[in-house]
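Participant: Take a look at this one; I'll ask things after.
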Amino acid sequence: MLVGLAVAVGILVGIILATTWLPGPRAAVPTLVGSPQLSPSSVPSPTARPAGLPDPDRTPGSINPAASDANLADTVCSPGWAATQRPPSAYTSALKFAQIIEYGYVDRDRSHYQEDHLVPLELGGAPRDPRNLWPQPNEASLSDGTLIGANEKDDLEDELHRRVCSEVMTLADAQRLIAGNWIDAWVEVGRP
């Protein structure tokens, strides 16, 4: 038990040091205040958070300042751009292990989670910032029994990306929408 704890602490220290020293642009997600889709009250508190949402104190989301509405064609709307931003799997695997412990998940089977970007890379999310990554359950269910998990969030990401690249929605609005409460956003856009 102590050996496992020591390994987890060592990995966490390594991640903290790596995120301090590794290059990569990071910026906070634009504020929710004044957003036509969300208000600050729509961000769940950690205790009232439904399954499938990250803790907003640990994972508020952050964006890559290299992507903006002014350069969509060269960044998020350019085929393959998100793949060029993806951090190495060794980085995200170590972070997932540490964050499963940090989040206090009872189920510590790493195969039941994916280390996911709250603001996805395809919407200009910060690639390496731990504030934009969390161990998202592959499957979760809402209080009404609706299954919601990684696949549903991926579908939402694709729909928001389509809207941004077809200029139906601004990039900043899509970032705020998904960072605020991605499950509510999934429902709002029609459960794509």
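The values are calculated or read from the model by the stated rules, or taken from the named source; none is laboratory data. For clarity, every value in this text was computed on a predicted model and none was experimentally measured. Glycine also receives a Cβ, built like all others from the backbone with ideal geometry; neighbour counts cover every protein chain displayed. Surface accessibility is based on the protein's heavy atoms, side chains included, excluding ligands, DNA and RNA. Shrake-Rupley method; radii C 1.70, N 1.55, O 1.52, S 1.80 Å.
Participant: Can you name the residue in region 169-189 that is open to solvent by 50 Å² or more (accessible area, probe 1.4 Å) and touching a residue at least 12 places away in the same chain (Cβ under 8 Å) and is also farthest from VAL119 (Cα to Cα) among such residues? Even if it seems obvious, please write down each step before you answer.
Facilitator: So the first thing to find is which residues in region 169-189 are open to solvent by 50 Å² or more (accessible area, probe 1.4 Å), and the list is 170, 184, 187-188.
Filter again for touching a residue at least 12 places away in the same chain (Cβ under 8 Å), leaving 170, 184, 188.
Details: THR170: 14, ASP184: 15, GLU188: 17 Å.
Taking the candidates together, the pick is GLU188.
Participant: Further question: Go through the residues of region 98-111 one by one and say whether even a single one is under 27 Å from GLU159 (Cα atoms), surrounded by 21 or more Cβ atoms within 10 Å (Cβ to Cβ) and within 16 Å of the chain's Cα centre (by Cα).
Facilitator: No: zero hits.
Participant: Those residues that are assigned to a loop (DSSP other than H, G, I, E, B), without any contact (Cβ under 8 Å) to a residue 60 or more places away in the chain and closer than 17 Å to LEU53 by Cβ, I need them from region 107-144; list them, please.
Facilitator: Within region 107-144, the first condition is being assigned to a loop (DSSP other than H, G, I, E, B), and the residues that meet it are 107-109, 118-120, 124, 126-129, 138, 142-144.
Going one step further and asking which of them are without any contact (Cβ under 8 Å) to a residue 60 or more places away in the chain, we end up with 107-109, 120, 138, 144.
Residues satisfying the conditions are ASP107, PRO120, ASN138, ASP144.
Participant: Kindly list the number of the only condition in (1) out of contact with any Phe, Trp or Tyr (no Cβ under 6 Å at 6 or more places or on another chain); (2) under 18 Å from ARG191 (Cα atoms); (3) not aliphatic (A, V, I, L, M) that fails for GLU152.
Facilitator: It is condition (1) that GLU152 fails.
Participant: Does region 80-91 contain any residue that is at pLDDT 95 or above, buried (at least 20 other Cβ atoms within 10 Å of the Cβ) and closer than 21 Å to ASN181 by Cα?
Facilitator: Looking for residues that are at pLDDT 95 or above, buried (at least 20 other Cβ atoms within 10 Å of the Cβ) and closer than 21 Å to ASN181 by Cα, one finds none in region 80-91, hence no.
Participant: So how many residues does region 144-153 have that are charged (D, E, K, R) and surrounded by fewer than 16 Cβ atoms within 10 Å (Cβ to Cβ)?
Facilitator: Of the residues in region 144-153, the ones charged (D, E, K, R) are 144, 152-153.
Pick out the ones that are also surrounded by fewer than 16 Cβ atoms within 10 Å (Cβ to Cβ) and you get 144.
Selection size over region 144-153: 1.
Participant: Which count do you get for residues in region 50-67 that are in a loop (DSSP other than H, G, I, E, B) and buried (at least 16 other Cβ atoms within 10 Å of the Cβ)?
Facilitator: Within region 50-67, residues that are in a loop (DSSP other than H, G, I, E, B) and buried (at least 16 other Cβ atoms within 10 Å of the Cβ) number 11.
Participant: Further question on the same structure: Specify which of the listed residues (SER166, SER141) is under 26 Å from LEU95 (Cα atoms) and either surrounded by fewer than 18 Cβ atoms within 10 Å (Cβ to Cβ) or more than 10 Å from the chain's Cα centre (by Cα) (or both). Lay out the reasoning, then the answer.
Facilitator: Details: SER166 fails: under 26 Å from LEU95 (Cα atoms).
Unique residue meeting the criteria: SER141.
Participant: Answer yes or no as to whether LEU95 is aliphatic (A, V, I, L, M), touching a helix residue (DSSP H, G or I) at 6+ places or on another chain (Cβ under 6 Å), at pLDDT 95 or above and closer than 16 Å to ASN181 by Cα.
Facilitator: When the stated conditions are applied, LEU95 does not pass them.
Participant: Shifting gears a bit: So LEU160 ticks every box in (1) touching a helix residue (DSSP H, G or I) at 6+ places or on another chain (Cβ under 6 Å); (2) open to solvent by 10 Å² or more (accessible area, probe 1.4 Å) but one. Which box is left unticked?
Facilitator: LEU160 satisfies every listed condition except (2).
Participant: Turning to a different aspect of this structure: Is it the case, given these coordinates, that ALA185 is in a strand (DSSP E or B) and more than 23 Å from PRO87 (Cα to Cα)? Before you say what the answer is, go through the steps one by one.
Facilitator: Values: in a strand (DSSP E or B): no; more than 23 Å from PRO87 (Cα to Cα): yes.
For ALA185, the condition - in a strand (DSSP E or B) and more than 23 Å from PRO87 (Cα to Cα) - is not met.
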